[in-house]
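Okay, structure first, notes after.
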Amino acid sequence: VCGASLCVRQRDDSQLHHLPHLIMSNWTDVAAEADLFEGAGIAVTPEGHDIALFKLEDGVYAIDNQCSHGNAKLCDGFVEGQYVECPFHQALFNLHDGSVGCGPATEPVKSWPVKIEQGRVFLDLTA
């Protein structure tokens, strides 16, 4: 389509591979990797989601920050191996997948896909 001072060419998506920074992404930048310390959690709230980030020896993990048993913030819990212990009632949640490792909680918490790029932590909030 061409106008007096504007000319626009429409392209197929396959021709846009050289412009990855302009293509929509499911990944949301939530924190600097340097803000994370092994064995401790931090809270982030991308797009209204209350999420706890944890750095372990084998990577960075993200789970919902609210305990499924009570009104506790898991980012304030104690990290034991690959588990975080709820600070209120000592339920254990697996940081890899959000599953319950020990009651009194019976429902898992959501886990979120994480990737690290150029020192930044990204979450896939569509997962």
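The values are calculated or read from the model by the stated rules, or taken from the named source; none is laboratory data. As the structure is a prediction and not an experimental result, all values here were calculated from the model. Ideal geometry is used to build each Cβ from the backbone, glycine not excepted, and the neighbour counts take in all protein chains shown. Side chains are part of the model used for accessible areas, which takes the heavy atoms of the whole protein and leaves out ligands, DNA and RNA. Shrake-Rupley method; radii C 1.70, N 1.55, O 1.52, S 1.80 Å.
Starting from the range 31-55, take each residue that is within 14 Å of L74 (Cα to Cα) and touching a residue at least 12 places away in the same chain (Cβ under 8 Å) and list its partners that are among the hydroxyl-bearing types (S, T, Y) and surrounded by 14 or more Cβ atoms within 10 Å (Cβ to Cβ), counting only C-beta distances under 7 angstrom and pairs at least six apart or across chains.
F54/Y61
Applying the selection to the range 41-55, what residues are surrounded by 17 or more Cβ atoms within 10 Å (Cβ to Cβ) and aliphatic (A, V, I, L, M)?
I42, V44, I51, A52, L53
For the range 99-118, state whether one or more residues are open to solvent by 40 Å² or more (accessible area, probe 1.4 Å), in contact with a Gly (Cβ under 6 Å, 6 or more places away or on another chain), at pLDDT 95 or above and outside any strand (DSSP E or B).
Yes, the range 99-118 contains a residue that is open to solvent by 40 Å² or more (accessible area, probe 1.4 Å), in contact with a Gly (Cβ under 6 Å, 6 or more places away or on another chain), at pLDDT 95 or above and outside any strand (DSSP E or B).
I'm told H17 meets every condition in (1) closer than 24 Å to A127 by Cα; (2) at pLDDT 95 or above; (3) surrounded by fewer than 16 Cβ atoms within 10 Å (Cβ to Cβ) except one. Can you identify the failing condition by its number?
Only one criterion is unmet by H17, namely (2).
Kindly indicate whether A72 is free of Cβ contacts under 8 Å to residues at least 24 places away in the same chain and open to solvent by less than 20 Å² (accessible area, probe 1.4 Å).
Yes.
Can you work out which of the residues in the range 75-98 that are touching a strand residue (DSSP E or B) at 6+ places or on another chain (Cβ under 7 Å), more than 30 Å from S25 (Cβ to Cβ) and small (G, A, S) is surrounded by the fewest Cβ atoms within 10 Å (Cβ to Cβ)?
G77
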